[in-house]
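Below is one structure, written out as structure tokens; the observations come after it.
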Amino acid sequence: MAKQIYQPPQQSVPGQWIDVIVLLLLIFAALFVPVWAKIAVPARVEKLPAGVTYVVNTTKDADGNDVQTKQWTGLTWEALGQNPVMQQQWQKLGYTVESAADIITQPFDYTIEWGGLIGMIVLIGGYYVFLLWHSEKEYRQVIAEKFD
């Protein structure tokens, strides 16, 4: 019995363009949708140093919109844990102790969500197993053609 030589399927040029466009749309959606849905917002936790407090004052601007300002008490560069070199760098960037305090007192929270991490590992592992299982027939045909 003659062995059948494996012939991979041929894809047309319009089919290739459709694949490229679909992949670009999927990549864009994967990157944009979490930001649009506010799922990928960085977690920030307010951590005020000892002796530093603030009160939020709400006023109206000329257009009638609410403007919130913070009235800080006990706020110094030293209270924020900033040495003189750090203080100079903040000032070179145009920050005052009050404007820098909004950034310094709200560090990013890098807590790992274990459920999501394990779920992602299972998803990627499952996809890898699916790829191996799905393409096994073609792999066997190519190997048989080349080595048998």
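Data overview
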item: The chain - Rg (one decimal) and Dmax (whole number), Cα, Å; result: 28.9, 91
item: With Cα atoms, 0 to 90° folded angle of helix 13-36 axis to the chain main axis; result: 30
item: In nm, spacing of pseudo-spin labels at Y128 and I143 (7 Å Cα→C-beta vector); result: 1.8
item: Computed Rg/Rh of the range 1-48, alpha carbon atoms with Kirkwood Rh; result: 1.47
item: Leading residue at positive end of dipole, the range 53-104 (Cβ point charges), from Q89, Q71, T59; result: Q89
item: Rounded, prolate or oblate (a/c below 1.5 giving rounded, otherwise prolate when a/b exceeds b/c) for the range 85-126 by Cα gyration tensor; result: prolate
item: Acute angle (nearest 10 degrees) that the helix 114-147 long axis makes with the longest principal axis of the chain, alpha-carbon atoms; result: 20
item: Pairwise label distance in nanometres, E136 with T59, each label 7 Å out on the Cα-Cβ vector; result: 7.3
item: Mean separation of Cα contacts under 8 Å (6+ apart) over length of the range 53-104, as relative contact order %; result: 28
item: Contact order normalised by residue count of the chain, Cα under 8 Å, 6+ apart, percent; result: 24
item: Sum of -39500 (n - 2.57) over DSSP H runs of 4+, divided by residues of the chain (222 nm, nearest 500); result: -17500 deg cm²/dmol
item: Theoretical FRET efficiency, 1/(1+(r/R0)^6), r = Cβ-Cβ of D109 and D19, R0 30 Å, to 0.05; result: 0.15
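Only the coordinates and a few stated rules stand behind these numbers; no lab work does. This structure is a prediction, so every number in the text was calculated from the model and none was measured. Because the Cβ atoms are built from the backbone with ideal geometry, glycine has one as well, and the counts that use them run over all protein chains shown.
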